[in-house]
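Enquirer: One structure, pasted below without further comment.
The values are calculated or read from the model by the stated rules, or taken from the named source; none is laboratory data. Everything quoted here is computed from the prediction, not taken from an experiment. All Cβ positions, glycine included, derive from the backbone under ideal geometry; neighbour counts span all protein chains shown.
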Amino acid sequence: MQTNSNNYTVQEATRKLESYCAYQERCHKEVRQKLRDMGMIPEASDLIINHLIQENYLNEERFAQSYARGKFTIKKWGRNRIVNELKFRGISRFNIKTALKEIDDTVYLETLDALARKRVSQINETNLKKRRKKLADYLLYRGWESHLVYGKVKELVG
């Protein structure tokens, strides 16, 4: 028995999901969850998802590329965090690899440098070890690779 007060026909749900996917890139997991929230049965969900893929509303490779570009550019996330978030969303290894190619290596290192310099100027700690740890923790949390982080910490904090 459905607990959702809104009952959708397959056509209504399809139109609603077309709008949902057209608004911004979505992954399959988000679309499946939306269909579950709408109270759609698995057979109808599969039908709708197949339609969305055929009509190019839903494309995981495009989603992964857009996600990686956006999180790097806007949130200044490192590759590790982007990979983990994409894995969490059920994106394939192949699409994750393709998405990471969206990030230029030179820009990546420049961004790390700018982020680290900005953060080190904000740390008010006088103890050198604590200062290093705070910078390293900040950069690692944002998903930057440890060998890059520790190199940057050594360069900026000493």
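Enquirer: So which residues in region 69-86 are part of a loop (DSSP other than H, G, I, E, B) and buried (at least 20 other Cβ atoms within 10 Å of the Cβ)?
Expert: 77, 78
Enquirer: Moving on. Among (1) over 17 Å from the mean Cα position of the chain (by Cα); (2) outside any helix (DSSP H, G or I); (3) closer than 30 Å to residue 11 by Cβ, where does residue 91 come up short?
Expert: (1)
Enquirer: Given the criterion touching a residue at least 12 places away in the same chain (Cβ under 8 Å) and surrounded by fewer than 15 Cβ atoms within 10 Å (Cβ to Cβ), identify the matching residue among 22, 99.
Expert: 22
Enquirer: Can I ask one more? Report whether or not residue 13 is at pLDDT below 95, surrounded by 18 or more Cβ atoms within 10 Å (Cβ to Cβ) and either not hydroxyl-bearing (Ser, Thr, Tyr) or not assigned by TED's automatic domain parsing to the domain that holds residue 141 (or both).
Expert: Answer is yes for this residue.
Enquirer: May I pose another question? Failed condition for residue 112, given (1) more than 16 Å from residue 25 (Cα to Cα); (2) surrounded by fewer than 17 Cβ atoms within 10 Å (Cβ to Cβ); (3) in contact with a Lys or Arg (Cβ under 9 Å, 6 or more places away or on another chain); (4) in contact (Cβ under 8 Å) with a residue 40 or more places away in the chain, with all others met?
Expert: The failed condition is (2).
Enquirer: Can I ask one more? State all residues of region 69-88 that are over 19 Å from residue 140 (Cβ atoms) and under 10 Å from the mean Cα position of the chain (by Cα); if no residue qualifies, say none.
Expert: 69, 70
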